[in-house]
Amino acid sequence: MTLIPTLREVPADADIKSHQLLLRAGFIRQTASGVYTYMPLAKRTLDKIESIIREEMENAGAAELLMPALQPAELWQESGRWFTYGDELMRMHDRHGRDFALGATHEEVITSIVNDDVQSYKRLPLTLYQIQTKFRDEKRPRFGLLRGREFIMKDAYSFHTSAESLDEVYNKMYTAYMNIFTRCGLDFRAVLADSGAIGGKDTQEFMVLSEIGEDTIAYSDTSDYAANIEMAECVVDYKRTTEEENELEKISTPNQKTIAEVSSFFNVNSQKCIKSLVFKVDDEPVMILVRGDHDVNDIKVKNVLNAKSVELCDHEETEEILGCPTGSLGPVGVNGKLKVYADHAVKVMVNAVCGANEDGYHFSNVNPGRDFEVDFYADFRFITEGDPSPDGQGRIRFARGIEVGHIFKLGTRYSEAMDANYLDENGRAQNYIMGCYGIGVSRTLSAIAEQFNDENGLVWPKNIAPYHVHLIPVNMKDDAQVSLAEELYELCKANRYDALLDDRSERPGVKFKDSDLIGLPIRVTIGKRASEGIVEVKVRKTGESFEVDKANLLPLINDLLK
Ligand code: 9G3
């Protein structure tokens, strides 16, 4: 007995394939926005994904524990994150009025645990992990399990006395992740990534390729270079043109605001325009210049300027700082008012167009170095398709990806903040060097559903399908069919195959449609020839089907599922 409430119609508020199919095939039900019940089929699938994860964590030398979701605010106050996270961190207080966070991640908890119980360098390196429910109050939960407010994460944390030891575990985790996502049957890439708010330097994300992925991957068309677009380096060797520098001119440009409008007004390519943006970098206004056909990469701005926060200024703020609206900004005449940094591509521009810092006016024949100073040049722009790959091999192409894993070298970011240390061989207190490693388990289930489906429904890879075999007796009133179905159910069970027996008194068509929707790898139909011991086997993925005697069923299933 189980519960698989399949739906005929496509639910209105599900706008991607995996979300629609997981609802229609009875895998999930929404309990609140971004909050889901994993129905029996999803629970079985999650368990299979988790058992693959546990095997690989074991191989990587990690020990499993389970930390609380209820985290005392004191821990987050110690690390300072109680105040840096806003509404996304779900908070509550207990009956005594004490503050708690519902765990969005567990760096604070694990660091305090290890600090309490691991004092000597002899006990390191140590890698601990858990598979646990996380809470993050997303502003716009969407796409079903892909971006929920309560989700299942495997999070691992490693503790080291040296950077070399961290590198070793980081590489073992990398290998474990490659194995996990391969065994789940996913088409994925490991990409260089930005460590974001939690700091640390090297980090890699594991991206499942999908058109509905929220992340953009920049990859080389000839090598295995791949990076999150936030991170991908621009290594173009810009060449200065031989053009003569002309006289600076101030031109009236009524209502010309965007690069497109300005470049067509001056009848020049957007590459001849300078795009000027003003950011608040740790609350200090800064002007960033990029060539008109490029876009400012705010993650690069943050990393190059080593800033905590980078926010684009809105109209009011730019008005306040430079006395003009955003549509007419430019670097001429602003030196001294705020720092000016520029992307490398700007350095070789000649006779460019830019805003005149006066509403309705632009300058033409602007030349960097002559008409304005740049405090320094750096790589501030998003990489574009066709750019040379940073590894020097091939050209960059874009793909969309769903982030299902992310591994970080944290360093002492948390152990310092929480004064967590061990005694080294000289008896001196040293902060633990840490790594952390996450997998979105419920997100992985959704990503698999997104990659594995067809016009009839889900098509689960054999390693993580909720059951291996779908047994379908066509007519529940026919004793021969029912008894053979039950016999085959026992046969599967005796041979460690998970079988789902559809014993409903439904019309065959309904059973077959549900079977295609649920997407188990193999369907065995027990129909008219049951009395002869003959059944039909159908492979969900390929559609191929065989008529076999029940004596040959097991060898066939072994062959199909190997
Ligand atoms: C928060 C909230 C959201 C968050 C975080 C904290 C993301 C937060 C980054 C990580 C880093 C790693 C261990 C497993 C692997 C990922 N969103 N991150 O720290 F309070 Cl509300 O979670 N954590």
Tabulated pairs, segment 153-164, first among the hydroxyl-bearing types (Ser, Thr, Tyr), second within 16 Å of the ligand (Cβ to nearest atom) and assigned to a strand (DSSP E or B), C-beta under 6 angstrom, 6+ apart or interchain: TYR157/LEU128; TYR157/CYS436; SER158/THR127; SER158/GLY435
Candidates LYS462, LYS493, LYS477, LYS409 - the one that is within 16 Å of the ligand (Cβ to nearest atom) and of a type in the set (D, E, K, R): LYS409
Test for ARG400: is it basic (Lys, Arg) and in a strand (DSSP E or B): yes
Residues that are closer than 16 Å to MET92 by Cα and assigned to a loop (DSSP other than H, G, I, E, B), drawn from segment 128-150: ARG136, ASP137, ARG149
Output for segment 365-405, where each listed residue is out of contact with any helix residue (DSSP H, G or I) (no Cβ under 9 Å at 6 or more places or on another chain) and crowded, with 21+ Cβ neighbours inside 10 Å: VAL366, PHE372, ILE383, SER389, ILE396, GLY401
Cross-chain or 6+ apart pairs with Cβ under 8 Å, segment 70-84 first and without any contact (Cβ under 8 Å) to a residue 24 or more places away in the chain and near the ligand (Cβ under 10 Å from one of its atoms), then in a helix (DSSP H, G or I) and hydrophobic (A, V, I, L, M, F, W, C): TRP82/ALA73; TRP82/TRP76
Selected residue (criterion: surrounded by the fewest Cβ atoms within 10 Å (Cβ to Cβ)) from residues of segment 18-32 that are within 23 Å of the chain's Cα centre (by Cα) and hydrophobic (A, V, I, L, M, F, W, C): ALA32
Residue in segment 418-427 that is within 15 Å of the ligand (Cβ to nearest atom), part of a loop (DSSP other than H, G, I, E, B) and closer than 21 Å to SER158 by Cα present: yes
Selection status of GLY330, farther than 30 Å from LEU46 by Cα, away from the ligand (no atom under 16 Å from the Cβ) and buried (at least 19 other Cβ atoms within 10 Å of the Cβ): yes
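For (1) in contact with a Pro (Cβ under 6 Å, 6 or more places away or on another chain); (2) surrounded by fewer than 19 Cβ atoms within 10 Å (Cβ to Cβ), each residue gets a yes or a no:
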position: ARG8; (1), (2): no, yes
position: GLY34; (1), (2): yes, no
position: LEU46; (1), (2): no, no
position: GLU56; (1), (2): no, no
position: LEU66; (1), (2): no, yes
position: GLU78; (1), (2): no, yes
position: ARG81; (1), (2): no, no
Some residue of segment 383-403 being within 16 Å of the ligand (Cβ to nearest atom) and not hydrophobic (A, V, I, L, M, F, W, C): yes
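So that you can scan it fast, the table gives a plain yes or no per residue for (1) within 16 Å of the ligand (Cβ to nearest atom); (2) β-branched (Val, Ile, Thr):
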residue	(1), (2)
ILE113	yes, yes
GLN132	yes, no
ALA163	no, no
GLU168	no, no
ASN179	no, no
CYS184	no, no
THR203	yes, yes
Whichever residue in segment 90-104 is under 23 Å from the mean Cα position of the chain (by Cα) and surrounded by fewer than 20 Cβ atoms within 10 Å (Cβ to Cβ) and, among such residues, is nearest to the ligand (Cβ to nearest atom): ALA104
Exclusive hit being within 11 Å of the ligand (Cβ to nearest atom), of a type outside the set (Lys, Arg), under 30 Å from ILE212 (Cα atoms) and in a helix (DSSP H, G or I), set MET173, MET153: MET173
Search result, residues across segment 176-188 that are surrounded by fewer than 21 Cβ atoms within 10 Å (Cβ to Cβ) and either in contact with a Phe, Trp or Tyr (Cβ under 9 Å, 6 or more places away or on another chain) or outside any helix (DSSP H, G or I) (or both): MET178, THR182, GLY185, ASP187
Hey, VAL191 in contact with a Phe, Trp or Tyr (Cβ under 6 Å, 6 or more places away or on another chain) and crowded, with 20+ Cβ neighbours inside 10 Å or not: no
Scan of segment 420-463 for residues that are in contact with a helix residue (DSSP H, G or I) (Cβ under 9 Å, 6 or more places away or on another chain), without any contact (Cβ under 8 Å) to a residue 40 or more places away in the chain and closer than 24 Å to SER79 by Cα, ordered by number: ASN431
Residue pairs meeting the criteria (Cβ under 6 Å; at least 6 apart or on separate chains; first more than 15 Å from LEU3 (Cα to Cα), in segment 494-513; second among the hydroxyl-bearing types (Ser, Thr, Tyr)): ASP498/TYR467
Listing of helices (runs of 4 or more DSSP H) fully contained in segment 245-349 that carry 3 or more residues being in contact with a strand residue (DSSP E or B) (Cβ under 8 Å, 6 or more places away or on another chain), at pLDDT below 95 and farther than 22 Å from GLU385 by Cα: 315-322
Entirely in segment 440-554, the helices (runs of 4 or more DSSP H) that have 1 or more residues that are surrounded by fewer than 20 Cβ atoms within 10 Å (Cβ to Cβ), over 30 Å from the mean Cα position of the chain (by Cα) and modelled with pLDDT under 95: none
Single condition ALA63 does not satisfy, out of (1) more than 15 Å from the ligand (Cβ to nearest atom); (2) under 30 Å from ASP282 (Cβ atoms): (2)
Check on VAL208, within 16 Å of the ligand (Cβ to nearest atom), within 25 Å of SER389 (Cα to Cα) and within 16 Å of the chain's Cα centre (by Cα): no
Selection status of GLU107, out of contact with any Cys (no Cβ under 7 Å at 6 or more places or on another chain) and modelled with pLDDT of 95 or more: no
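The values are calculated or read from the model by the stated rules, or taken from the named source; none is laboratory data. These numbers were taken from a predicted model, which means no experiment stands behind them. Note that we place each Cβ from the backbone using ideal geometry, even for glycine, and neighbour counts take in every protein chain shown.
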